[in-house]
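Asker: Please find one structure pasted underneath; my questions will follow.
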Amino acid sequence: MNPWRPIAYAVLAACLVLPAHAQTPAVQAEGQTSSLPCNGSAATIAGSRNTITFTGSCAGLQIRGETNTVTVSLAPRALIDIEGNGNRIRFSSPANPRLRVSGSFTTVTPEPGSAAPFADSASLSGNNLDVALDCAGKSLTLQGTRSHFRLTGACTALTVRGEANAVLADLAPSAQVLVEGNGITLTYTVQGDESANEPGCRVLVLAQ
């Protein structure tokens, strides 16, 4: 018998268990409260009424469900992808993550000192949203009802459509603005405009 064979098998068995440490943190539950490590992977939640804290740096966050409360630390440019109603996300990130939302009554809030997310596409829509976005050098379309949007970074163009939306925006000089709908309030400043240095100095309330 070859005396080296048992040693070779033992080394192989030890190596095979290593990938288990890189598992994606996933929650499939109802009403769960827990804390999970990300280990650099993307985190996922499928369910409702969960309160989840993801520790470490997550490569992304995907939520499919209702009324989840999530606290997460995100890698730069990570995607926050939300489908469902009533979800509340608080995140920290050293650079702007990306945001995709489908649903109503969703709140996305950066921790103090964290950058606001970019919209993952040129438009963001939903009802009763409360979202902060960075639109630096971008054209953005917002659509919905009774939503609150806070835009930083000097948008080059802004379109707002819907009903009873409130928008606080930082606009680039000569930015194009289009507002269509009823009861929309747009409060804005213009970057570099000395007459518009204080938020709230210009307000448009539009109704058709």
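None of the figures in this text is laboratory data; all of them are computed from the coordinates on show. All values derive from a computational prediction rather than experimental measurement. Reconstructed Cβ throughout: ideal geometry from the backbone, glycine too, with neighbour counts over all protein chains shown.
Asker: Amide H neighbours of residue 88 under 5 Å, counting only residues 5+ apart in sequence or on other chains, H built in-plane at 1.01 Å?
Answerer: Residues meeting the criterion, in which the H sits 1.01 Å from N, are 68, 69, 70, 107.
Asker: Taking amide H positions as placed 1.01 Å from N in the peptide plane, with prolines and chain starts having none, which residues 5 or more places from residue 80, or on another chain, fall under 5 Å of its amide H?
Answerer: 61, 98, 99, 100
Asker: Which ³J(HN,Hα) values in Hz, rounded to whole numbers, follow from the phi angles of the range 137-146 under the Karplus curve 6.51 cos²θ - 1.76 cosθ + 1.60, where θ = phi - 60° and Gly and Pro get x?
Answerer: After applying 6.51 cos²θ - 1.76 cosθ + 1.60, I find x, 10, 9, 9, 10, 10, 9, x, 9, 6 Hz.
Asker: With each pseudo-label sitting 7 Å past Cα toward Cβ, what's the residue 55-residue 178 distance in nm, one decimal?
Answerer: Distance between label points: 4.9 nm.
Asker: Determine ³J(HN,Hα), in whole Hz, for all residues of the range 27-36 in sequence, where each value follows from phi through the Karplus function 6.51 cos²θ - 1.76 cosθ + 1.60 and θ = phi - 60°; x replaces Gly and Pro.
Answerer: For the range 27-36, the Karplus-derived couplings read 10, 10, 7, 10, x, 8, 10, 7, 10, 10 Hz, x marking Gly and Pro.
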